[in-house]
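Participant: Quick one: the structure is below, questions incoming.
None of the figures in this text is laboratory data; all of them are computed from the coordinates on show. Owing to the predicted nature of the structure, the values given are computational and were not obtained by experimental measurement. So basically every Cβ, Gly included, is an ideal-geometry build from the backbone, and we count neighbours across all protein chains shown.
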Amino acid sequence: MLDQFSRTTLLLGQEAIEKLKKSRVAVFGIGGVGGYVCEALVRSGVGAFDLVDDDKVCLTNLNRQIIATRQTVGKYKADVMKERILSINPNADVRIHQCFFLPENADEFPFEEYDYVVDAVDTVTAKLEIIMRAKALDIPVISAMGAGNKLDASRFQVADIYKTSMDPLAKVMRRELKKRNIKHLKVVYSDEKPTRPKEDMGISCRTNCICPPGAAHKCTERRDIPGSTAFVPAVAGLIIAGEVVKDLSGIE
């Protein structure tokens with residue numbers, strides 16, 4: 001019988017589609033990368049999601065985040081993504097966590113219920129805790145490395161963290177994971193040398209922040225605010241989603 005996943009079934013088969021339908025994927029970070037991960041996963045038939053993000057959609061997100069429109073500015077990203085997921089598949093089970101994942105609140109997340117974990121956050125502390133929790137329970141995890149300050153979307157690739165190069169975030173993660181005796185981690189990274197952002201204080205978030213009042217975490221808290229495009233983080237997110245679908249469905 002024809003349904004919304006019929007075209008995917010032609011490629012993956014009904015057994016794979018059933019596996020995806022029964023899978024719960026936790027996506028940490030619903031931004032430029034994570035939003036496209038969710039978009040592709042729900043369109044591929046993944047049946048259950050945990051969405052983790054404490055940010056609200058900002059005007060500056062419109063250049064790259066699939067959930068960002070003039071109508072969603074000021075709304076919580078997790079809420080907007082849930083609404084979008086359900087508009088694509090009303091039968092999806094979506095749980096949202098409007099918080100920033102940290103070691104201090106990690107026990108509040110039911111990792112044992114996840115079939116796959118996607119790390120699409122951009123702080124080292126949170127990334128390490130997500131990865132450690134997943135690894136401890138032998139849950140598949142894939143981690144996004146840096147997508148900011150890059151222009152060539154064709155340079156993204158899937159690799160083990162210890163085989164990455166030219167990515168400043170990956171360099172830090174390699175060092176920290178080695179300390180924690182994590183021997184392998186699937187990541188999506190770009191070997192393109194990062195471009196230095198243009199110093200224009202007129203468009204600087206640091207001097208002209210427009211984040212919604214009361215936002216718990218703002219981009220201005222970061223040491224450096226990266227430049228971004230519509231296509232680079234999108235490609236990273238779609239590659240990650242492809243890996244999740246292949247791993248969950250058992251398709252090589």
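Participant: Mind computing the radius of gyration and Dmax over the alpha-carbon atoms of the chain? Å is fine for both.
Facilitator: Cα radius of gyration and Dmax of the chain are 17.6, 57 Å respectively.
Participant: Charges at C-beta only: +1 for Lys and Arg, -1 for Asp and Glu. How large is the resulting dipole of segment 1-42 about its Cα centre, in Debye rounded to 20?
Facilitator: Numbers: 5 positive and 4 negative charges, 22 e Å.
Rounded to the nearest 20 debye, it is 100 debye.
Participant: Determine the relative contact order of segment 1-142: mean sequence separation of Cα pairs under 8 Å and six or more apart, normalised by residue count, in whole percent.
Facilitator: Over segment 1-142, the number comes to 25 percent.
Participant: Right, another one. Separation between the Leu2 and Arg175 pseudo-spin-labels, each 7 Å from Cα along Cα→Cβ, expressed in nm?
Facilitator: Distance between the two pseudo-spin positions: 5.7 nm.
Participant: Any idea which of Met145, Val52, Phe100 is furthest toward the positive side of the dipole for the chain, if Lys and Arg beta-carbons carry +1 and Asp and Glu beta-carbons -1?
Facilitator: Met145
Participant: Can I ask one more? How far apart, in nm, are two points set 7 Å out from the Cα along the Cα-to-Cβ line at Arg43 and at Met132?
Facilitator: 3.7 nm
Participant: Can you give me the relative contact order of the chain as a percent, contacts being Cα pairs under 8 Å and 6 or more apart?
Facilitator: In percent, rounded to a whole number, it is 24.
Participant: If you count, for each residue, the other Cβ atoms within 10 Å and average over each peptide, how do 171-177, 32-38 line up from highest to lowest?
Facilitator: 32-38, 171-177
Participant: Short version: what are the Cα gyration tensor semi-axes of segment 20-157, square root of 5 times each eigenvalue, largest first, in whole Å?
Facilitator: Equivalent-ellipsoid dimensions as semi-axes: 21, 19, 15 Å.
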